[in-house]
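Data block below; observations after.
Any read-out appearing in this document is the output of simple, stated calculations on the displayed coordinates, not a laboratory observation. Quantities reported herein were computed from a predicted structural model and do not represent experimental measurements. Quick reminder, even Gly has a Cβ in these numbers, built from the backbone with ideal geometry, and neighbours come from all protein chains shown.
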Amino acid sequence: MKNQISKIQKIAIKEIGKVKSLEDLEKLKVKYLGRKSVLTDVLRSLKDLNPEEKKAIGEESNKTKQAIDLKLKEKEIEIRNKELKNIDEKERIDITYPCGQTKRGHLHPLTRVRYEIEEIFKSMGFLVVDGRDVEDEFHNFDALNMPKNHPARDMQDTFWLKDGAVPRTQTSSVQIRFMEKNKPPFRIVSIGTVYRNENSDATHEFNFHQIECLMVDKSGKITVANFKSVMSEFMKGLFGKETQTRLRPSYFPFVEPGFEFDASCPYCKGSGCKICKKTGWIELGGAGIVNQNVFTSVGFKEDEYEGFAFGFGIERLAMIKYGIDDIRLFHSGDLRFLEQF
Ligand SMILES: [Zn+2]
């Protein structure tokens with residue numbers, strides 16, 4: 001009987017040693033340790049033996065069970081480790097593999113100019129304020145001293161929505177919304193998209209970007225000199241320290257007096273070239289001392305505050321800065337253009 005048991009153990013250990021999968025291992029477990037195992041069959045035939053012999057054989061069979069159980073467990077660990085290693089090999093990621101095909105994007109030239117402008121104004125203590133793209137008539141026109149039938153409305157060709165709202169024609173509407181909630185003193189800039197109902201050509205787009213700047217304080221504290229100084233710092237920051245600025249009288253409904261301002265050409269330094277059409281100067285935008293009607297429209301008392309405002313197109317600045325000759329390229333999505341920046 002003892003011989004029979006040790007023979008079973010030997011065969012079991014041998015068989016377990018050859019197994020390669022967990023399924024086959026489970027079958028052997030049932031075969032040698034299950035309720036209907038070969039070992040159980042042997043033990044069942046003990047009933048004719050005396051108690052002494054029964055005890056000895058019982059101990060022997062328990063030892064065998066333990067030995068087989070241990071072997072099964074060892075084998076299971078071995079198979080699992082092998083499987084993990086296989087997965088490891090199959091799914092290995094080589095982090096040193098060259099990834100040449102991945103193309104990196106970069107900021108659009110307009111976004112770059114926009115960030116640059118924001119940084120310059122922030123360094124002068126200006127707050128960058130956001131506004132909405134679709135405005136009502138009051139914020140886009142009335143509050144900016146352009147009531148209905150005012151001839152100045154014709155200066156801007158406007159898209160009108162069915163409900164009377166307007167895709168804003170200028171970022172000046174942001175000033176109005178800001179002043180409705182904040183009292184001076186303050187200095188803000190706002191940059192965003194504006195919409196004009198006009199045909200596109202090399203220098204015009206129906207959709208472009210503007211920057212709007214507003215600085216307001218008690219009456220008597222802000223003068224044209226403040227404006228000239230801010231403007232001059234801004235232009236030097238964008239086009240270089242040697243840049244000159246100048247003002248020319250002009251008319252805009254929301255300022256009184258109003259100016260157009262120019263910067264000396266950054267290419268020829270004022271001597272005249274193709275970019276500046278031989279004048280040495282580049283026209284940039286409109287500015288002036290805020291008309292009191294604008295302040296009263298947001299609820300400020302007349303003559304209590306004074307301030308300056310100016311606005312101009314971002315595309316025009318980017319075109320000058322990068323020497324771009326067609327405004328339509330910005331929204332063309334043409335990679336041959338964009339990849340140059
Ligand atoms: Zn020039």
*Qualifying trypsin sites (Lys or Arg not before Pro) for region 79-182 [loop in DSSP, other Cβ within 10 Å: at most 14]*: Arg92, Lys103, Arg104, Arg132, Lys148, Lys162
*For a label point 7 Å along the Cα-to-beta-carbon line of Thr296, residues of region 128-168 with backbone N under 14 Å*: 143-147
*Using the Kyte-Doolittle scale, which helices in the chain average at least 0.5 and also have C-alpha atoms spread 18 Å or more along the helix axis, with helices defined as whole DSSP H runs?*
224-239
*Post the alpha-carbon centroid distance, region 120-198 to region 82-106, in whole angstrom.*
52 Å
*Using a simple spin-label model with points 7 Å from Cα along the Cα→Cβ vector, what separation in nm is obtained for Val30 and Lys236?*
9.0 nm
_Sites matching GluC sites (Glu not before Pro) across region 202-255 that sit in DSSP coil, with at most 10 neighbouring C-beta atoms within 10 Å_ = Glu242
_Nearest 500 deg cm²/dmol is fine: what mean residue ellipticity at 222 nm does the chain get from its DSSP H runs of n ≥ 4 alone, each adding -39,500 (n - 2.57), divided by its residue count?_
-13000 deg cm²/dmol
*asked:* Quick check on region 261-326: take the gyration tensor over C-alpha atoms, sort the square-rooted eigenvalues as a ≥ b ≥ c, and tell me if it's rounded (a/c under 1.5), prolate or oblate.
replied: prolate
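Can you tell me the length gained on complete extension of the stretch Lys63 to Trp160, counting 0.36 nm per residue apart and subtracting the Cα distance?
Contour length minus the Cα-Cα distance gives 25.5 nm.
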*Distance from region 262-280 to region 285-336 (C-alpha centre basis), Å*: 21 Å
_Quick check on region 109-338: take the gyration tensor over C-alpha atoms, sort the square-rooted eigenvalues as a ≥ b ≥ c, and tell me if it's rounded (a/c under 1.5), prolate or oblate._
oblate
*Hey, got the dipole for the chain? About the Cα centre, +1 on K and R Cβ, -1 on D and E Cβ, debye to the nearest 20?*
2640 debye
*How high is the FRET efficiency from Glu119 to Phe341, r the C-beta distance, R0 22 Å, rounded to 0.05?*
0.80
*Between Asp41 and Thr203, what length in nm is gained on full extension when 0.36 nm per residue of separation is reduced by their alpha carbon distance?*
48.4 nm
_Nearest-0.05 FRET efficiency for Ile87 and Thr111, computed from C-beta distance (R0 51 Å)_ = 0.70
*Output the pairs from Lys228/Lys277; Lys54/Lys75; Lys2/Lys47; Lys162/Lys183 with a Cα-Cα distance over 26 Å in this structure; if there are none, say none.*
Lys54/Lys75; Lys162/Lys183
